Amino acid sequence: MMKSMWIAVVATGLLGFANSQPRQIEFVPGQIVLTAKPGVLLTTVRQIASTVGAEAKPILCQDTYLLTLPAGGSDAAAMRQRTLTAVESLRAHQQVWLVRPNYLDRPLDTVPNDPRYPDQWALPMINAPQAWDIELGDAAVKVGVIDTNFRSTHPDMVGRYDTTLSRNFVAEPPDNNIDPGGGGSSHGTGVASVIVANANNGIGMAGLCWENVQVVAMKTNNNDGGLPFSNILQAYQHVNDNVAVIDAVNMSYGGFRPPDQQEEGFFQNWIQNGCVPVAAAGNDNTDSRSFQPAGSDRVITVAAVGPTMNKASYSNYGKIDLAAPGGDMQNALNQGVLVATPQGDYEFTQGTSFASPYVAAAVGLLRSAGVPRTVRRAPNGRDFPEAAVVLMETANSLGRRVPDPEFGSGLIDMFAGIKGAGAFCVIDAPINGRTFDTLRNRVTMHFGGTAPDLITITLNGNNLPTSEWQPLLVPDQQDPGRFDLSYVKQFSTGRQELSARVVSTVDPTVTASASTVFFVSPHKVIAGLDIFATPYGVPAAPEETLGVDFAMARWITDPQHPNGGFYARYFGDGEKDARASFAPPGTDVRPDGETIPTPPRGLGYFLSLNNDIVIQAMDPIELTQAYRIPLTPGWNMIGNPFPFDVDWNGCEVEIIGDGAIPQRLSLIQAADQGYVRLQIYRYLPFEGDYTWKTAPLGEMLRWSGHWVRALKACTLVVPPLASRSRSVAGRAAPSLSEGWAMRLTASTADRSSANVFIGASRQANDSIGREDVEKPPVWRSYLRVAVRSEDSRDWLAQDIRKMDSRRKTWIVEVSCDQPDADVSMNWSQELALPNGARLVIEDMLTGRKVSMTQESGYRFRMNGQTSRTFKVTAESMVRSRVMISDLSVAPSRARGSYDVRYNLTGSALVNVQVTTVSGQAVARLNSGSRSAGSNSVTWNGRNEAGIALPSGAYLVNVTAVTEEGETVRRVAPVVISR
């Protein structure tokens, strides 16, 4: 049976040509896509949505919701503006990770052309017939196509849709009806036909994947209008859930919109799991970097060529990885790409939408030929699954210098790709470009289409003896030409280049090679004080690693101790407490699934060095196992157990649930259930102070110790997943979306403490809550500012109170290990104080008070003491808004006089004045403090000189001013008749 080739289709047709005018982002007016932070409940999301008057409903994408604003009679322009305003308002909520309009991505093809002409010039152009002599497709291969809709009953597509995995995301709940909602065109049908139209069946056209390969169709619209981003996200989630069986995903849509973090995260996960994201470049003859998803670095972006192999007139350029036939019908209809229509026949069309599926199908053909899903560095400098890399390595450059801004690596060549796939070589480890702390490192390689005696491995240009590695080759039981190699090898320090080359057993002219350049270097520990951790096994006695010129301490939690714990100390030339050694008794830090503890991995230590030292570890650690760190109630000094940064939010917390059954929680879930706090702390050596990040932000830094606070006994589970970024800022920032916050800073001649905040928020309360941050214990050489918690013995780095009109008081302590130090204490507003708020700081030793709104600092000397206490008082944090109501002017019993009556909602200084209608003052009745409630004054109808005013219209103005300076004014008319 012939194997069929398969391509993930992307619909990108001709929308227009280059345009220098700014493009308006398209979205569905009145609809918003909101992604909440992990652990946020639906009820909370609905409360957040209600703040902008929207209704929220979950969609089938993790933590993501579609918000709909009420119509309210708004026209399209007004609703568009209401939507953008609501998006900005929603971004202010702490529980929200991402919020954006429901973008409307467009299929990128032109109106279908007629009459049909059956000449598929595209297939010979990419050497498909020669490739079919070797491979036609495999039933295990699947290509995902996210598009408008699909005609499942087209006679040339029978059996080519995976009816189990295909989904209709227009329906609620989603179902398997992928067909169009009405008549007319179907962009998805044309795209899918490029990939899997049945070939050699006597009718219609041939897809690149001739037989067997199936399309996982994901419908996002009933017609060929825009693709709502909410439906696209559900399709992305569906791919995520089935990424193990989907080999490529075709995205023939896009729009001029900003990159989306959630979308990028999906693409990255697909790549890591061996699935290739393929996107059409767009049809505006402009730079594709501003066009999403094509502009993403995590997709293979495909440009279009016409029958002459020149760039199609409409095809975007700039960020391009590959080119494929997309048609160019400027001169003739039959210069377009032939596709299937929903009516059961065929037509010519053009667009990068139909170039992209050729690349997706090519991935499917290579996967059918046995190319693995392993990931490696591609010629474009980014990591992609092997099939995508082979397509770039074997592309026809068309005589251009690669990478080319119009064609990337070039036009796909199916025959060259299949031949290249006949013999392959992949090096997974050591990872290219990485620096390793250990001398011994694991080597992992994969070979295909070859034999052991046709494999050569070199290190720094010298052949490695076959006796070292050949006996360790493991043959694939299903494919005798495939071999895996994995073993631990010792390297020298410095730059290392490891290469491998294989020769095909079928065609000796076909070879494949791979190389990795990496570095072996000991880790340097800088002199000074820091929190240290090692990811490797070292001798239990620290002096064997650190020498004798060091001091080390580790926090021991003890609920009976006045401070909640104490420091165990270990000195190179003095006291040696085993609890501060590299093998402290009773610690159960270990790899997940193992039973033997492996300290000091997972533990943190304060380490003081007078000189730099280097640590050269010998043996690598297993990088596929998570690591378990038990946490006791109170402060825990932990260490990163891996030689790379790890995302803090990726860690889990294991608890013992009902029935003594272990249960894994996310950090946020564990915090909600009262097991841990969300902060991870690190020490700033040059400042002698702590900083922190709050999940979902933050990282565990390599070779670094951290503080974590637990509220109940549990186990932190650290995943072996490298963080993609590192937070470099030393200064913490208050994580408030509203309210006010003041930063407190203390500094001496050689150190500072700047990460302390007080403030108020409507979402906070006056007891310790999610907005508050405790401060870890200090060790030697310190300057510390901290706030005393009112309901515990802990010191806080951030104390946020309930924002109301009541007086708030904070007790602040500045402590220092230099009793005679001159200290400068300063403050600054991180979030602005409300109008009328008064903050006063009082030195409890001298009684001196300073206005924190009028001054920015206070200097003092420690005077032989190690601590100094201050009291900060805040008043009128919420303005008591005064209002004037029921203002009336009526004739009084006295002839010619008038009674002026009004109500006040609060005490204020009131002034009543009579003016002409033009604003000229004629009488000032009284001024002074008035209480809340009913007030009145009588006017005798005369001016300031006591002369009766002539008949006419006049205005009575009542103005009230509060103590905070808030001013309100009301006016009432009065007519004098003489």
If you put +1 on each Lys and Arg Cβ and -1 on each Asp and Glu Cβ, how big is the dipole of the stretch 27-103 around its Cα centre, in Debye rounded to 20?
80
Which whole-number value in Å² is the accessible area per residue of the stretch 27-103, probe 1.4 Å?
46
Accessible area per residue in Å² at 1.4 Å probe, computed on the stretch 648-805
38
Can you work out the FRET efficiency for the pair E622 and Q330, with r the C-beta to C-beta distance and R0 = 45 Å, to the nearest 0.05?
0.15
Tilt of helix 261-272 relative to the longest C-alpha principal axis of the chain, in degrees (0 to 90, nearest 10)?
30
The stretch 200-276 versus the stretch 515-544: alpha-carbon centroid distance in Å:
44
Classify the chain as rounded, prolate or oblate, taking a ≥ b ≥ c as the square roots of the eigenvalues of its Cα gyration tensor: rounded when a/c is under 1.5, otherwise prolate if a/b is larger than b/c and oblate if not.
oblate
Of the residues M852, A512, P597, the Cα lying farthest along the dipole of the chain towards its positive end, which is defined by charges on the beta carbon of Lys, Arg, Asp and Glu, belongs to M852
Extending each Cα 7 Å along its Cβ direction at R806 and W97, get the distance between those two points in nm, one decimal.
3.6
Which value, to two decimals, describes the C-alpha radius of gyration of the stretch 827-900 once divided by 2.2 N^0.38 Å?
2.10
What's the carbon and sulfur percent of the chain's accessible surface, probe 1.4 angstrom, rounded to a whole number?
49
Simple spin-label estimate for V158/R970, 7 Å along Cα→Cβ, in nm, reads 8.3
For the N432, E264 Cβ pair and Förster radius 22 Å, calculated FRET efficiency rounded to 0.05 is 0.50
Mean projected area, convex hull of alpha-carbon positions in the stretch 27-103, reported to one decimal in nm², is 4.5
For the stretch 739-876, count the residues as N, evaluate 2.2 N^0.38 Å, and divide the Cα radius of gyration by that value, please.
1.00
What is the percent of Cα-Cα separations in the stretch 422-520 that go past 22 Å?
26
So if we plug the beta-carbon distance of R664 and S515 into 1/(1 + (r/R0)^6) with R0 = 41 Å, what FRET efficiency do we get, rounded to 0.05?
0.55
With both bridge residues required to lie in the stretch 739-876, what share of the DSSP beta bridges run antiparallel, to the nearest 5%?
90
Length gained when the stretch T505-N463 is fully extended (0.36 nm per residue, less Cα-Cα span)
13.0 nm
Given the stretch 884-978 reduced to its alpha-carbon atoms as identical point scatterers, what log10 I(q)/I(0) does the Debye formula return at q = 0.21 Å⁻¹?
-1.03
Any chance you could give the angle, 0 to 90 degrees and rounded to 10, that helix 76-90 forms with the longest Cα principal axis of the chain?
80
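Just to be sure I understand: of the beta bridges DSSP finds with both ends in the chain, what percent are antiparallel, rounded to 5? Please list the in-between numbers first.
Working: 202 of 236 bridges.
Percent antiparallel among DSSP bridges in the chain is about 85.
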Rg/Rh for the stretch 523-718, where both radii come from Cα atoms and Rh is the Kirkwood radius:
0.95
Roughly how many Å is it from the Cα centre of the stretch 414-469 to that of the stretch 348-376, as a whole number?
25
Shape metrics for the stretch 203-313, restricted to C-alpha atoms - Rg then Dmax, Å:
15.0, 44
Heavy-atom accessible area of D175, protein chains in place, probe 1.4 angstrom, given in Å² to nearest 10, is 60
Within straight-line cross-link reach of K419, lysines at Cα separation under 20 Å, skipping those fewer than 8 residues along the same chain:
K3
Taking only protein heavy atoms into account and a 1.4 Å probe, give the accessible area per residue of the stretch 125-419 in Å².
28
Does anyone have the angle between helix 187-196 and the longest principal axis of the chain? Alpha-carbon axes, 0 to 90°, nearest 10?
30
Contour minus Cα-Cα span, V840 to Q673, at 0.36 nm per residue, comes to 56.4 nm
Please give every one of the lysines within straight-line cross-link reach of K489, meaning a C-alpha to C-alpha distance under 28 Å, and leave out same-chain neighbours fewer than 8 residues apart.
K524
For the stretch 790-833, alpha-carbon Rg over 2.2 N^0.38 Å
1.52
Ordered by packing density, taken as the mean number of other Cβ atoms within 10 Å over each peptide's residues, highest first, how do 860-866, 53-59 rank?
53-59, 860-866
Order of 814-820, 446-452 by packing, highest average Cβ count within 10 Å first?
446-452, 814-820
Tell me, in nm to one decimal, what length is gained between E26 and S867 on full extension, where the rule is 0.36 nm per residue of separation less the Cα-Cα distance?
296.8 nm
Along Cα→Cβ, 7 Å out, is where each label goes; now give me the distance between the ones at D75 and A953 in nm to one decimal.
3.4
Amide N proximity, the stretch 893-914 versus N940 label position 7 Å along Cα-to-Cβ, cut-off under 12 Å:
895-898
Aspartates and glutamates with Cα under 14 Å of K712, excluding same-chain neighbours fewer than 8 positions away
D558, E654, D672
Ordering D619, D428 by how much accessible area each has at a 1.4 Å probe, largest first, what is the list?
D619, D428
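Using only the Cα atoms, work out Rg/Rh for the stretch 131-226, with Rh taken as the Kirkwood radius, to two decimals.
0.99
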Could you give the distance between the Cα centres of the stretch 123-190 and the stretch 848-915, to the whole Å?
71
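The values are calculated or read from the model by the stated rules, or taken from the named source; none is laboratory data. Keep in mind it's a predicted model, so treat the numbers as computed, not measured. Cβ atoms come from the backbone with ideal geometry, glycine included; neighbour counts cover every protein chain shown. For accessibility, only protein heavy atoms count, side chains too; no ligands or nucleic acids. Shrake-Rupley method; radii C 1.70, N 1.55, O 1.52, S 1.80 Å.
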